[in-house]
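The next block holds one structure in the form of structure tokens; read it before the comments.
The values are calculated or read from the model by the stated rules, or taken from the named source; none is laboratory data. A quick note: this is a predicted structure, and the numbers were derived from the prediction, not measured. Positions of Cβ are generated from backbone atoms using ideal geometry, with glycine treated the same way; all protein chains shown enter the neighbour counts.
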Amino acid sequence: MTDQNPCSPHCPTDADHLCMPAEARKRARHRLSIARGHLESIVKMLDEEDVYCVDVLRQIRAVQGALTGASDVVLRGHLEAHVATAAGRGDTVEMVDELMEALRYR
């Protein structure tokens, strides 16, 4: 990893305030937009009286897949930008604790 900050130029890299890397934000936003589109189509489908259950289930799985993809992008960005550099900042224990807590809900 280089010393270059993968986050926004205005984002400090100290332990008090860490920002999501710009590329991870962009990719996560794209995946969440896909999920939103699938979710909106599910809501519209449910307005139809002749909607087929399996079609709804397929769309729900698509939303879940897009959300999982977004979560994976955010996790990778966090690992690369913050956890991998925690020792240099002196906040390794805090980073691991924070990540373990966040992953409990995954």
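Figure legend. Inter-residue proximity from the stretch 61-73: first residues in a helix (DSSP H, G or I) and modelled with pLDDT under 95, second residues surrounded by fewer than 14 Cβ atoms within 10 Å (Cβ to Cβ) and not acidic (Asp, Glu), beta-carbon distance below 7 Å, spacing 6+ or different chains. Indicated pairs: 71/106.
Being closer than 14 Å to residue 18 by Cβ, out of contact with any helix residue (DSSP H, G or I) (no Cβ under 7 Å at 6 or more places or on another chain) and surrounded by fewer than 17 Cβ atoms within 10 Å (Cβ to Cβ) is a condition met by at least one residue of the stretch 73-83. Checking the stretch 89-100 against the condition returns a match, with at least one residue being among the basic types (Lys, Arg), modelled with pLDDT under 90 and in a helix (DSSP H, G or I).
Exactly one residue out of 94, 80 is within 23 Å of residue 26 (Cβ to Cβ) and over 12 Å from the mean Cα position of the chain (by Cα), and it is 80.
The single residue among 80, 94 that is closer than 26 Å to residue 33 by Cβ and either of a type in the set (Gly, Ala, Ser) or touching a residue at least 60 places away in the same chain (Cβ under 8 Å) (or both) turns out to be 80.
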